[in-house]
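The values are calculated or read from the model by the stated rules, or taken from the named source; none is laboratory data. Please read these numbers as outputs of a predicted model, since none were measured by experiment. For neighbour counting, all protein chains shown are included, and Cβ atoms are generated from backbone atoms with ideal geometry for every residue, glycine included.
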Amino acid sequence: MNKKTVLITGSTSGIGLGIAKAFAEKGCNIIFNGLEHNGAEIAADVADKFSIQHLFFPANMLEPASLRDMVQQSIEKFGVIDILVNNAGIQYVAPIEDFPEEKWNNIIAINLSSAFHLTKAVWPYMKNQKFGRIINIASAHGLFASEYKSAYVAAKHGIVGFTKTAALEGAPFGITCNAICPGYVKTPLVQNQIRDQAIVHGLPENEVIEKVILKKQAIKDFVSIESIAALCLFLASDDASTLTGTALPIDGGWSAQ
């Protein structure tokens, strides 16, 4: 893993930052991405802590040209992108009849289409070196549906399907592609969901966590960022060279029901 180059979208907060730290600890070069106002400082702090090389790009997932430019500039510095983690995502909760079209379009673009654009951009370089690891952070909602999340569920189901196609096309070239499907992780995104679900269901936030958010998980606890990062490390390793095209749940037993 040492000196591999990893591009992680949405990597200056939440799950993405946890994944970045895990790869940095292994000595990887990290390409950070995020829209936080202090994203460059967050990236630099991680790079300094683990003594790695890094780049930071505030590329917007809604802008395919910016994504292609991020890849090109990264290739110019590091020569190749060995591992791509498509993690960036947004959420919005509302009944279908009230769901704003702009929110639908943005969720599909950020949660699904950006993974396509970035995979397409890194693909020729991975093919050329006969090695690549693509990890898509999907969701338990890539396997199951919930009310009021039409766009999110559609996007996450789409990313699982895209993962399978990329796995088949990448197999002859040493490129694997897998999806991780977490249950609820206590990130800023989920904190916003708790607030939104409280409004939709007319419940206080503490009851929403118990009765709505974690209702379908057998283990009534949030999934840790560290466990998702550890799974990413395994999927990127040589030990996972024949593991491809999967959608791996890490969901507290949600998918067992």
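Okay, here's what the table says:
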item	result
Residue in the stretch 177-196 that is in a helix (DSSP H, G or I), closer than 26 Å to A20 by Cα, at pLDDT 95 or above and not charged (D, E, K, R) present	no
Positions within the stretch 174-206 being crowded, with 16+ Cβ neighbours inside 10 Å and under 30 Å from Q129 (Cβ atoms), in sequence order	I175, T176, C177, N178, A179, I180, C181, P182
Output for the stretch 207-216, where each listed residue is surrounded by fewer than 18 Cβ atoms within 10 Å (Cβ to Cβ) and in a helix (DSSP H, G or I)	E207, E210, K211
Top-ranked residue of the stretch 130-143 - restricted to ones that are of a type outside the set (G, A, S) and touching a Ser or Thr at 6+ places or on another chain (Cβ under 7 Å), ranked as farthest from F23 (Cα to Cα)	L143
Elements of type strands (runs of 3 or more DSSP E) contained in the stretch 1-86, each with 1 or more residues being aromatic (F, W, Y), surrounded by 24 or more Cβ atoms within 10 Å (Cβ to Cβ) and in contact with a Phe, Trp or Tyr (Cβ under 7 Å, 6 or more places away or on another chain)	29-33
Of all residues making up the stretch 87-112, the number that are in contact (Cβ under 8 Å) with a residue 24 or more places away in the chain and part of a helix (DSSP H, G or I)	10
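Per-residue answers, yes or no, for (1) touching a residue at least 40 places away in the same chain (Cβ under 8 Å); (2) within 18 Å of I90 (Cβ to Cβ):
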residue	(1), (2)
P124	no, no
A138	yes, yes
G142	yes, yes
A151	yes, yes
A154	yes, yes
I180	yes, yes
Q191	no, yes
